[in-house]
Amino acid sequence: MLAGLQNVTFEFGARTILQDATWHIQPNERIGLIGYNGTGKSTLLKLLVGDYSPTSGQVERSRNMSIGYLHQDLLSFDTSESILEVAMGAFVQVIRLETEIERLGKLLEADSSNEEVLHQYSDALHQMDVLGGYDIHHQTEEVLHGLGFSSGDMHRPFKEFSGGWRMRVLLAKMILQKPDLLLLDEPTNHLDLPSIEWLEKYLQHYQGAVVIVSHDKYFLNRMVTKIIELYQRELHVYNGNYEFYEKEKEMRVELQQRAFENQQDYIRQQERFIERFKAKASKAAAAQSAMKRLDKLDRIEDVAIERPNIKINFRVDKIPGKVLVTLKDVTKVFGEIRIVQNASAEIERGDKIALIGANGKGKSTLLRIIGGNEQFEGERIWGHQVDESFYAQHQLESLHLDNTVLDEMKTCGSQKNELELRTLLGCFLFSGDDVEKKIKVLSGGEKARVALAKTIVSRANFLLLDEPTNHLDMHSCDLLIEALKKYEGSFILVSHDRYFISKTANKIWEIDNLQIKEFKGGYEEWVAWNERMALAAAKTEPVAATPVSGAKNPIPARPLPIPQVNKETKKELQKQQKIFHQLEERIGRLTIKKGELQGLLTDPSVYSDKSRFREAEKNFHDAEKELSQLNNEYEQAFERIMELENNPLP
């Protein structure tokens, strides 16, 4: 065992965070630590590293074990050193040895006959070789590159970078230290998609135990083999990834709820007995006995109390025209950095777009251009009756600091009453007296949640959302996903949360080669498409990607090259390519239709009408079956094309 808790109880003031909890972390384990916001996940990590002491019980750590702990408090660290120097601080022993070798070298320059110094110098060089010290610059640069830094960033001062980029440097330093136990508190909050994917691959081969606190379900699914859930002051163990946890949790909650209801029936029965017979002499002893049994009863908690399953519903006031926004020949330049050049695209009614890509590609800038909050060259044409609502970090400045949270919600014209607004704020992690707090005393994350709640209930028909899930826990993310699925308007969002994107978007936008590339389909279809294109590129000559701006076919057609082969092969190849692209279009249309049918199944007006629900359910299953068949035909067509290119007909 590397570390763990043995019968630990921890109290924070009058509040109990943990009650008699036991948890053992074994070498090389991959653990996801989850729980609702405010239950004490970060507190639990601080107990493990020794920042807090338990009220009772023991925190155990094996002798000479090293711990690396990535957490938000690290953002207070500041230095004028370059990011390369900060990250190389991981190699303390090697750096000391480098200084010693330099000192001994100078002594030898002055007196090369000093045998004692010569031996020390030789021993130091050997030790440097054993520690792999000659490779630390390369290792450090490799990790920093993986986390999104360019070669030009390496010698820039640490203090020049924003908080998110600083956290990446400190993460790089931590993983280069290779501690026996790595504790990561929301590491993906500071990373873009390519960096998250790099970190996944790195940690999969990491020689040590890793404990991760994250609301990124994709990240947890790929990374962990065990889930520890902090729930109702207890630690619950699930031996699987997040997907396994969700299924097991559902069964466990159902069993607990049944047990709770059975116990409540028993308690009511005993209380009726006591109330009826406590004053009757012949039954008084039995009544007293029943009272003692109830006093000693280990009470089962109601599952629903922890987090009620509230639904977020929002409506639109106006139906806009078919096209909401048209971008024509848009160019945006920051100094010498070009974001887009002569780029064009369209957003239509019903579009639910995820704008994805690496940090620095200009996603938030493009969002501001669409929203009319950024200067640019070219045209942005607003559609008929478009009523937009923009959520981003800079929107926090528009909050009224002297308002309470509840009063601020009343300013957004949602026409919801106070009870409805309180219920909605509960979804965004404001409960009880929290809604009476003044905006000016809230943290940055709390202000962001207020701004997001205002955006969601604004009755706008077009939402622009920049990283909406950053300050939400998993439960709140799920509620937001359900709301956006049922949302009658259109939206475009920037997010690094792949699960969130996969559940909400029916189109993917990507800025590539200064153009807006559009893919008409969901995130998982986009990933599959890229994998197929990478496979095609590996087997054929490279093909220049052609951006599809406002294109009408559901999936961007990237033509496969026709090699110089005989006439029969060329004819067959053209035939297969035509089939291939027809299948692409059919799959794209059917994917959109399936998404619409899935939305119908969650519509209260549909599932309350048995005949309409049955019809929608049948249509959904038919679409699902047809999509599966088309995907099989698509793969067969692709394989046939590859076969013809590699083995032409005689």
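The values are calculated or read from the model by the stated rules, or taken from the named source; none is laboratory data. This is a predicted model, so every value here is computed, not measured. A quick note on method: Cβ atoms are made from the backbone with ideal geometry, for glycine too, and the neighbour counts reach across all protein chains shown.
Would you point out the residue of segment 88-115, among those that are over 23 Å from Pro179 (Cα atoms) and among the β-branched types (Val, Ile, Thr), that is nearest to the chain's Cα centre (by Cα)?
So, considering only residues that are over 23 Å from Pro179 (Cα atoms) and among the β-branched types (Val, Ile, Thr), the one nearest to the chain's Cα centre (by Cα) is Thr99.
Please find, within segment 95-135, the residue that is farthest from Ser162 (Cα to Cα) out of those that are of a type in the set (S, T, N, Q) and without any contact (Cβ under 8 Å) to a residue 12 or more places away in the chain.
My answer is Ser113.
Quick check on this structure: which one of Gly57, Gly40, Gly32 is surrounded by 16 or more Cβ atoms within 10 Å (Cβ to Cβ), in contact (Cβ under 8 Å) with a residue 40 or more places away in the chain and more than 30 Å from Thr469 (Cα to Cα)?
Only one candidate passes the filter, namely Gly57.
Quick one: in segment 387-403, which of the residues that are surrounded by fewer than 16 Cβ atoms within 10 Å (Cβ to Cβ) and of a type in the set (S, T, N, Q) is farthest from Tyr36 (Cα to Cα)?
Out of the qualifying residues, it is Ser398.
Restricting to segment 434-488, count the residues that are of a type in the set (D, E, K, R), assigned to a helix (DSSP H, G or I) and over 14 Å from Lys503 (Cβ atoms).
Residues flagged as of a type in the set (D, E, K, R), assigned to a helix (DSSP H, G or I) and over 14 Å from Lys503 (Cβ atoms) within segment 434-488 amount to 7.
Any chance you could count how many residues in segment 339-398 are polar (S, T, N, Q), farther than 20 Å from Gly164 by Cα and out of contact with any strand residue (DSSP E or B) (no Cβ under 8 Å at 6 or more places or on another chain)?
So the count comes out to 3.
Could you grab me the full set of residues in segment 68-87 that are outside any strand (DSSP E or B) and either modelled with pLDDT of 90 or more or more than 22 Å from the chain's Cα centre (by Cα) (or both)?
Ser76, Phe77, Asp78, Thr79, Ser80, Glu81, Ile83, Leu84, Glu85, Val86, Ala87
From the list Glu374, Glu408, exactly one residue is in contact with a helix residue (DSSP H, G or I) (Cβ under 7 Å, 6 or more places away or on another chain), outside any loop (DSSP other than H, G, I, E, B) and either within 30 Å of Asp153 (Cα to Cα) or outside the structural domain of Lys594 (by TED's automatic domain parsing) (or both). Which is it?
Glu408
Can Ala345 be described as in a loop (DSSP other than H, G, I, E, B) and closer than 30 Å to Val527 by Cα?
It is false that Ala345 is in a loop (DSSP other than H, G, I, E, B) and closer than 30 Å to Val527 by Cα.
Exactly one of these conditions fails for Met174: (1) assigned to a helix (DSSP H, G or I); (2) out of contact with any Gly (no Cβ under 6 Å at 6 or more places or on another chain). Give me its number.
Of (1) assigned to a helix (DSSP H, G or I); (2) out of contact with any Gly (no Cβ under 6 Å at 6 or more places or on another chain), only one is false for Met174: (2).
Note down all Cβ pairs under 9 Å where the first residue falls in segment 71-94 and is not assigned by TED's automatic domain parsing to the domain that holds Leu48, the second is among the β-branched types (Val, Ile, Thr) and at pLDDT below 85, and they're at least six residues apart or on different chains.
Partner pairs satisfying both residue conditions: Met88/Val94; Met88/Ile95; Met88/Ile136; Gly89/Ile95; Ala90/Ile136; Phe91/Ile136; Val94/Ile136.
Within segment 228-253, track down each residue that is of a type in the set (Val, Ile, Thr) and part of a helix (DSSP H, G or I).
Selection gives Val253 alone.
Identify, please: which residue in segment 599-616 is loosely packed, with under 15 Cβ neighbours inside 10 Å and within 31 Å of the chain's Cα centre (by Cα) and is, among those, modelled with the highest pLDDT?
The extreme case among them is Leu601.
Quick check on Leu184: is it under 18 Å from the mean Cα position of the chain (by Cα), closer than 30 Å to Asn530 by Cβ and at pLDDT below 90?
Working: under 18 Å from the mean Cα position of the chain (by Cα): yes; closer than 30 Å to Asn530 by Cβ: yes; at pLDDT below 90: no.
When the stated conditions are applied, Leu184 does not pass them.
Can we say Ser289 is touching a residue at least 60 places away in the same chain (Cβ under 8 Å), out of contact with any His (no Cβ under 6 Å at 6 or more places or on another chain) and polar (S, T, N, Q)?
When the stated conditions are applied, Ser289 does not pass them.
Within segment 617-643, can you find the residues that are modelled with pLDDT under 70 and among the aliphatic types (A, V, I, L, M)?
The answer is Met642, and nothing else.
Sort out which residues of segment 321-340 are assigned to a strand (DSSP E or B) and modelled with pLDDT of 90 or more, and write them in order of number.
Step one: of segment 321-340, the residues assigned to a strand (DSSP E or B) are 323-334, 337-340.
Selection gives Val323, Leu324, Val325, Thr326, Leu327, Lys328, Asp329, Val330, Thr331, Lys332.
Looking for whichever is within 30 Å of Phe430 (Cβ to Cβ) and assigned by TED's automatic domain parsing to the domain that holds Val224 here; the options are Gly50, Gly57, Gly38. Which one fits?
Answer to the selection: Gly38.
Which one of the conditions (1) hydrophobic (A, V, I, L, M, F, W, C); (2) surrounded by fewer than 18 Cβ atoms within 10 Å (Cβ to Cβ); (3) closer than 25 Å to Glu246 by Cα does Leu406 fail to meet, given that it meets all the rest?
That leaves (3) as the condition not met.
Matching residues to (1) within 25 Å of Val325 (Cα to Cα); (2) within 31 Å of the chain's Cα centre (by Cα); (3) at pLDDT below 65:
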site	(1), (2), (3)
Trp529	no, yes, no
Val543	no, no, yes
Thr546	yes, yes, yes
Ser549	yes, yes, yes
Pro556	yes, yes, yes
Val565	no, no, yes
Leu597	no, yes, no
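Restricting attention to segment 178-224, which residues are of a type in the set (Val, Ile, Thr) and in contact with a Phe, Trp or Tyr (Cβ under 9 Å, 6 or more places away or on another chain)?
Scanning segment 178-224 gives Thr188, Ile196, Ile212, Val224.
Given the structure, is Asn239 surrounded by fewer than 16 Cβ atoms within 10 Å (Cβ to Cβ) and closer than 29 Å to Ile67 by Cβ?
So Asn239 passes the test.
Among the listed residues Gln256, Gln264, identify the single one that is surrounded by 14 or more Cβ atoms within 10 Å (Cβ to Cβ), part of a helix (DSSP H, G or I) and at negative phi.
On the way: Gln264 fails: surrounded by 14 or more Cβ atoms within 10 Å (Cβ to Cβ).
After ruling out the rest, the residue left standing is Gln256.
Return yes or no: is Arg63 part of a loop (DSSP other than H, G, I, E, B) and either closer than 21 Å to Leu191 by Cβ or free of Cβ contacts under 8 Å to residues at least 60 places away in the same chain (or both)?
When the stated conditions are applied, Arg63 passes them.
Mind counting the residues in segment 413-425 that are of a type outside the set (D, E, K, R), within 30 Å of the chain's Cα centre (by Cα) and surrounded by fewer than 19 Cβ atoms within 10 Å (Cβ to Cβ)?
Pass one, segment 413-425, residues of a type outside the set (D, E, K, R): 413-415, 417, 419, 421, 423-425.
When the remaining residues are screened for being within 30 Å of the chain's Cα centre (by Cα), the result is 414, 421, 423-425.
Add one more test, that the residue is surrounded by fewer than 19 Cβ atoms within 10 Å (Cβ to Cβ), and what stays is 423.
Total satisfying the criteria: 1.
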